[in-house]
1. What whole number of Å gives the distance from the Cα centroid of the stretch 27-94 to the Cα centroid of the stretch 97-169?
2. Treat every Asp and Glu Cβ in the chain as -1 and every Lys and Arg Cβ as +1, leave all other atoms uncharged, and give the resulting dipole magnitude about the Cα centre to the nearest 20 debye.
3. Would you mind working out the magnitude of the charge dipole of the stretch 1-96 relative to its Cα centre, with +1 at each Lys and Arg C-beta and -1 at each Asp and Glu C-beta, to the nearest 20 Debye?
4. Out of every Cα-Cα pair in the chain, what percent are more than 28 Å apart?
5. In Å, the Kirkwood hydrodynamic radius of the stretch 128-193 over pairs of distinct alpha carbons?
6. So what are the stretch 1-96's ellipsoid semi-axes, whole angstrom, largest first, if each one is the square root of 5 times an eigenvalue of the alpha-carbon gyration tensor?
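Where a number appears in this text, it was derived from the coordinates with a stated rule and is not lab data. Note that the coordinates shown come from a computational prediction; the quantities given were computed from them, not determined experimentally. No Cβ is skipped: glycine too gets one built from the backbone with ideal geometry, and neighbour counts run over all protein chains shown.
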Amino acid sequence: MSPSPQVEQQQNHSWMKYIPSVLVLSRFLISPFLLWDALDGKTSIWFIVGYVAAFLSDIFDGVIARRLGVSNAKLRQADSFADVSLYACIAGSAWLAYRDVLIAYKVPLLMVVFAQLVWLVVNLVKYGKPASYHTYSAKFWGITLFVTVVALFGFDYAGIALWLSCIVGTIHSLEEIAMTLLLPTWTHDVLSIFHALQIRRELSN
């Protein structure tokens, strides 16, 4: 006797709810392979393939999680940590394969790194853990990082792409620092400083 359509739908949903977690995990697993590919001071086409796969997983994990109704603080934190793992390995790969480029663009790179360090300190002091806002500015920064990584590792070009990603990253960091100063408690998925102001007003009423 075959299961009813309702039972089949529940079984499918039970299986599908793990898709966002699998996508987040895939980014953790891909990250060290990117670094491994750059150990000899150069990267192969598989670096770009792996990075594009990781980037797509970053886009779709949140979309699918919201669609399935399984988005929660734990998953969003894991998503943020996966992003940190991915771009830390990319930074290490760039140092191994494009050290001269990083040195040449040290001013914008140090600017965004300093902004991110301040962001981390502010969040650790106030909440005891990093923020997980997933703001619009973070999404825009992700797009500029994608362009920069593909340009650098795929076409040996930095230039405007790297400058733009550093400027956007700094602005994004400053926005999220201001959001942390505004919000009294740790909150995930706050899309912008305007949304943070709205949440603050609602909590104060």
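1. Cα centroid of the stretch 97-169 versus Cα centroid of the stretch 27-94: 15 Å apart.
2. Details: 14 positive and 13 negative charges, 90 e Å.
Dipole about the Cα centre, nearest 20: 440 debye.
3. Numbers: 7 positive and 7 negative charges, 51 e Å.
Result for the stretch 1-96 is approximately 240 debye, rounded to the nearest 20.
4. On the way: 7238 of 20910 pairs.
Roughly 35 percent, once rounded to a whole number.
5. Details: mean 1/r = 0.0784 Å⁻¹.
Evaluated over the stretch 128-193, this radius sits at 12.8 Å.
6. Values: eigenvalues 232, 40, 14 Å².
Each semi-axis is the square root of five times an eigenvalue, giving 34, 14, 8 Å.
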